[in-house]
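A short write-up of the structure that comes next.
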Amino acid sequence: MSAAAPASLYFEDFEPGKRYPTRVRTISDADHEAFCHLVGYRVPLFLDDAFARSKGLPGRICPSHLIMSFSTAMTGDLFSESIIALRAIEKVEFLEVVRPGDTIRTEVEVVEKRSSKQADRGVVVFRDHVYNQTGTEVFRNDKIALVRRRKSA
């Protein structure tokens, strides 16, 4: 039986400078192959170990959007009930190669938060830091989101 997802956080809960860890995920060969098939990637760097090694890599690598997608799913646990909309993604950086078999985790840093014109929500800028199993940061991006405030009693 898996653990229940943490309670959703709301605008008031997020503090600039605070970091929130998320769950971890090992990227299986099946995950990798299913993602490439789903989106239609036919890039040899993603599909062929020998080709990737001929380009100086240790073997086939994961597409950047696979890492971004898995990270987004991890961060969604923090505000699954309070998120209204993702307004923008900025400062996207793929820092290191990720391969099938790697285990990633995301740590969400609150960069900024501000009120919006509507009283029931606010804007939060989150910076996602994705690390592999050795603790190396492999991916980073900023997400600007509209997050619901708690309802007044």
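Suppose the filter is over 19 Å from the mean Cα position of the chain (by Cα) and either buried (at least 16 other Cβ atoms within 10 Å of the Cβ) or modelled with pLDDT of 95 or more (or both); does A30 pass it?
On the way: over 19 Å from the mean Cα position of the chain (by Cα): yes; either buried (at least 16 other Cβ atoms within 10 Å of the Cβ) or modelled with pLDDT of 95 or more (or both): yes.
Yes; evaluated as a whole, the condition is true for this residue.
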*Output the residues belonging to region 119-132 that are open to solvent by less than 20 Å² (accessible area, probe 1.4 Å) and charged (D, E, K, R).*
D128
_Hey, Y41 surrounded by 13 or more Cβ atoms within 10 Å (Cβ to Cβ), touching a Phe, Trp or Tyr at 6+ places or on another chain (Cβ under 9 Å), without any contact (Cβ under 8 Å) to a residue 24 or more places away in the chain and aromatic (F, W, Y) or not_ = yes
*S116 fails exactly one of the following numbered conditions: (1) at pLDDT 95 or above; (2) surrounded by 14 or more Cβ atoms within 10 Å (Cβ to Cβ). What is the number of that condition?*
(1)
*For region 111-140, name all the residues that are under 15 Å from L78 (Cβ atoms) and either in contact with an Asp or Glu (Cβ under 6 Å, 6 or more places away or on another chain) or not β-branched (V, I, T) (or both).*
K113, G122, V125, F126, R127, D128, H129
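Give the residue that is least open to solvent (accessible area, probe 1.4 Å), with candidates limited to residues of region 136-153 that are closer than 20 Å to G17 by Cα and either among the acidic types (D, E) or part of a loop (DSSP other than H, G, I, E, B) (or both). Can you show your working first?
Applying the first criterion (closer than 20 Å to G17 by Cα) to region 136-153 yields 137, 139-149.
If we keep only those that are either among the acidic types (D, E) or part of a loop (DSSP other than H, G, I, E, B) (or both) as well, we get 137, 142, 149.
Numbers: E137: 40, D142: 6, R149: 59 Å².
That would be D142.
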*asked:* I'd like the full set of residues that are surrounded by fewer than 16 Cβ atoms within 10 Å (Cβ to Cβ) and over 13 Å from the mean Cα position of the chain (by Cα), limited to region 69-85.
replied: S80, E81, A85
*asked:* Name the residue that is surrounded by the most Cβ atoms within 10 Å (Cβ to Cβ), counting only residues in region 44-68 that are among the aliphatic types (A, V, I, L, M) and out of contact with any His (no Cβ under 8 Å at 6 or more places or on another chain).
replied: I67
*So which helices (runs of 4 or more DSSP H) are wholly in region 19-120 and hold at least 1 residues that are of a type in the set (K, R)?*
49-54
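Among F79, F35, which is at pLDDT 95 or above and among the aromatic types (F, W, Y)?
Values: F79 fails: at pLDDT 95 or above.
From the options F79, F35, the qualifying one is F35.
The values are calculated or read from the model by the stated rules, or taken from the named source; none is laboratory data. Just so we're clear, the structure is a prediction, and the values are computed from it rather than from any experiment. Cβ atoms come from the backbone with ideal geometry, glycine included; neighbour counts cover every protein chain shown. Heavy atoms of the whole protein, side chains included, go into the accessibility calculation; ligands, DNA and RNA do not. Shrake-Rupley method; radii C 1.70, N 1.55, O 1.52, S 1.80 Å.
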